[in-house]
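Values in this text are rule-based calculations from the coordinates and carry no lab data. Here the structure is a predicted model, which is why all the values come from computation and not from measurement. Note that each Cβ is placed from the backbone with ideal geometry, even for glycine, and that neighbours are counted across all protein chains shown.
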Amino acid sequence: MRQPKILLVDDVDYSRQLLRNNIMALADTKLLKNRSYNFFNAGTATDANILFRLHQPDVVFLDIELPDQSGLELLSQFKQQKPECCIVMISGASTLENVTQSIKMGAATFIVKPFSGDKILAAMRIMEKKFYNQVTPDTI
Amino acid sequence: MTGCKHILIAEDDSFLLSLLELQCSSLSMQTCCVENGEQLITEALSYQYDIILTDIQMPICDGIQAMQILRQLGYDRPIFAMSADSIDCEGFDCILQKPVDIDQLASLCEQTPQQPKVQLQINSELTSLFYQNLAQLSQDFTGALQQEDFVTMRQICHKIKGGAASFGLMNLSQLADRMQQRLATATPETNLVQESRQFLLILQQSGADNETA
């Protein structure tokens, strides 16, 4: 089974690590279909752009508040490059404007910090639905 | 009994909201109450509720818009609407007639399965990273305070708010949230420097508490 590629974009080190640890923990407890994932980390929008072009991830966890560019702008760029990419927006404070903008630009879902196991699982389940609808049997 | 289910109630009429809160509490449910659709969306995305109960006509964003936004984001848990008028709208799991019949609500809640709770996994390495970051933010806040750079201070509070809550420092998270709001909405008369100094002391104490733990 092909390992989904996940790009974690957050300027806070421990947030990326927390997401990665918890996705792996969910996989270990068999709450997710895949047992393993390929992770890539970016702390800035610039790095995220490079990694996105290079690896063409299946999933992006994308913080809205980045130091060098808005996560919403990145969302738009990523969806143009790879429309089928499942993008999970993350924010410490959601506003109606941010949420509706994210939906219009094609975000799959939206997580409001603080992180919880339930929220990460819910986002991953949404990702799984999209991922397994897209991946053809030959590529699994 | 419905067990200890978590219900999010959205209603702009404060009297009805209090009544529903009391009724749900009497059904042994944990309640969270909000007054408009925007708050409903934020709250539903912030915590994982077993049930959402929403009024239709509310300010800023009505119950139907809020439900549709949540559904577009893949929210698949039950959302019940309540309305004095008869409405026909896809996306709600049930539409209750106002005033809400508490027995009907109890029955619906009884049938709703309680969502399994998944604990956030935090190991010592992660905790250590968090406290290193907190120490850095504390230094950055000190520097910004000396410059009276309230924009940077607000951004730092925003980061602390999200991170601290993930690591169980709920008090610090709430204080950071309050400080962030104060910094965003302060008038010239507000003694922001004094309030910020008090916040910085608490921030530094949070880091020190970890070192002595």
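Things to note:
- Cα centroid separation - the stretch B:122-184 against the stretch A:49-98, whole Å: 24
- Cα long-axis angle, helix B:102-111 against chain B (0 to 90 degrees, to the nearest 10): 70
- Gyration tensor (alpha-carbon) shape descriptor, the stretch B:106-213, a/c threshold 1.5: oblate
- Dipole magnitude of the stretch B:11-132 about its Cα centre (Cβ charges: Lys, Arg +1; Asp, Glu -1), debye to nearest 20: 440
- Residue of B:Met153, B:Met58, B:Met82 that the Gaussian network model of chain B assigns the largest fluctuation, springs spanning Cα pairs under 10 Å: B:Met153
- Comparing B:Ala66, B:Ala44, B:Ala176 in a Gaussian network model of chain B (Cα springs below 10 Å), the most mobile by mean-square fluctuation is B:Ala176.
- Nearest-ten-degree value, helix B:14-26 long axis tilted from longest Cα axis of chain B: 80
- Mean-square fluctuations from a GNM of chain A, with a 10 angstrom spring cutoff on Cα atoms, peak among A:Ala93, A:Ala107, A:Ala48 at A:Ala93.
- Tilt relative to chain A, helix A:13-28 - C-alpha long axis, 0 to 90 degrees, to 10: 20
- Dividing the summed -39500 (n - 2.57) terms of all DSSP H runs of n ≥ 4 by the residue count of the protein assembly as shown sets its mean residue ellipticity at 222 nm at -17000 deg cm²/dmol.
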